[in-house]
1. Starting from the eigenvalues of the Cα gyration tensor, five times each then square-rooted, give me the equivalent ellipsoid semi-axes of the chain, largest first, whole Å.
2. Against the longest alpha carbon principal axis of the chain, how many degrees, from 0 to 90 and to the nearest 10, is the axis of helix 81-108 turned?
3. Taking only Cα atoms, what is the 0 to 90° angle, nearest 10, from helix 11-36's long axis to the longest principal axis of the chain?
4. Highest first, please rank the peptides 131-141, 98-108 by the mean number of other Cβ atoms sitting within 10 Å of their residues.
5. Under 17 Å from a point placed 7 Å out from the Cα of ILE128 along the Cα-to-Cβ direction: which residues of segment 75-103 have their backbone N that close?
6. Measure off 7 Å from each Cα along the Cα-to-Cβ vector at VAL157 and LEU137, then give the distance between these two points in nanometres to one decimal.
7. Based on Cβ point charges of +1 for Lys and Arg and -1 for Asp and Glu, what charge dipole magnitude is obtained for segment 1-99 about its Cα centre, in debye rounded to the nearest 20?
8. Tell me what the chain gives for mean residue ellipticity at 222 nm when only DSSP H runs of n ≥ 4 count, each as -39,500 (n - 2.57), the sum divided by the residue total, rounded to 500 deg cm²/dmol.
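The values are calculated or read from the model by the stated rules, or taken from the named source; none is laboratory data. All values derive from a computational prediction rather than experimental measurement. All Cβ positions, glycine included, derive from the backbone under ideal geometry; neighbour counts span all protein chains shown. Only protein heavy atoms, including side chains, enter the accessible area calculation; ligands, DNA and RNA are left aside. Shrake-Rupley method; radii C 1.70, N 1.55, O 1.52, S 1.80 Å.
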Amino acid sequence: MSVVEAAHYGRVNRYLHWGMALLLAWQFTTTSVRVLLSDTALDELLWSTHRPTGFLLLALVVVRVAWAFASRASQPPALSAAARLGHLTLYGLMLVVPSVALLRQYGSGRAFEPFGIPLMPGFEGERIEWMVAAGSLFHGVLGWTLLALIVGHVAMVVWHRRNGQDVLPRMLVR
Ligand code: HEM
Ligand code: HEM
């Protein structure tokens with residue numbers, strides 16, 4: 001076993017990584033169906049889960065970033081500066097994408113109760129234009145950018161594996 005494979009991420013990091021990967025796969029299924037099969041029964045069914053799942057992803061990434069920071073001394077080192085930058089960008093987008101959507105949700109004045117939690121009561125009167133505009137400008141485009149980076153992330157894992165630096169065991173749940 002090489003030095004790269006011997007080190008591995010802690011249990012909490014690993015469960016959060018794969019749990020969020022599953023939820024993000026679901027989230028991008030809802031958006032893809034929205035784009036490719038809009039106004040179908042499947043779209044309506046899946047889209048109803050987009051906002052609450054997005055909220056859950058934001059809550060999880062806040063925990064994940066805090067945990068990654070607190071446990072940084074005991075985690076395996078990044079393979080390169082580029083890998084570190086790539087991971088930081090993934091974390092950044094996982095924070096920003098749902099945050100700007102929540103900003104827009106608040107600005108729209110409509111109530112939002114994910115999983116029955118009264119997060120935003122909503123309000124009467126004019127919507128807050130700059131919040132709605134910021135969400136509409138950034139949420140979709142940064143969301144798709146996150147998907148592109150995830151594809152690149154998986155490609156890099158496969159590439160490293162084929163080139164004698166298998167980092168997959170570092171992230172596997174054992
Ligand atoms: C939904 C998508 C995913 C996201 C957002 C994501 C994000 C991340 C992030 C931010 C890290 C860095 C962890 C840290 O250093 O704190 C990481 C590490 C890692 N991810 Fe993912 N990941 C995703 C899916 C996957 C998939 C599908 C694979 C399988 C090929 C994978 C394999 C790995 C591996 C092996 C590492 C450890 C890399 C290393 O040790 O240098 N990830 N991931
Ligand atoms: C990590 C979490 C999230 C991801 C990855 C994500 C991803 C996306 C993507 C890629 C789109 C574009 C679909 C298109 O091009 O038509 C989109 C649209 C949308 N999302 Fe999210 N989303 C997340 C969280 C949220 C949250 C928390 C909310 C609301 C509370 C939300 C509300 C919406 C709405 C209303 C749209 C349609 C309008 C638009 O395209 O901006 N999303 N989302």
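1. Result for the chain: semi-axes of 34, 18, 15 Å.
2. Value to nearest ten degrees: 10.
3. Between the helix axis and the principal axis of the chain, the angle is about 50 degrees.
4. Working: 131-141: 15.7, 98-108: 20.0.
In decreasing order of mean packing, 131-141, 98-108 become 98-108, 131-141.
5. It comes to 98-103, nothing else.
6. Calculated label separation equals 3.4 nm.
7. Dipole about the Cα centre, nearest 20: 420 debye.
8. Numbers: 7 runs with 124 residues, N = 174.
It comes out at -24000 deg cm²/dmol, rounded to the nearest 500.
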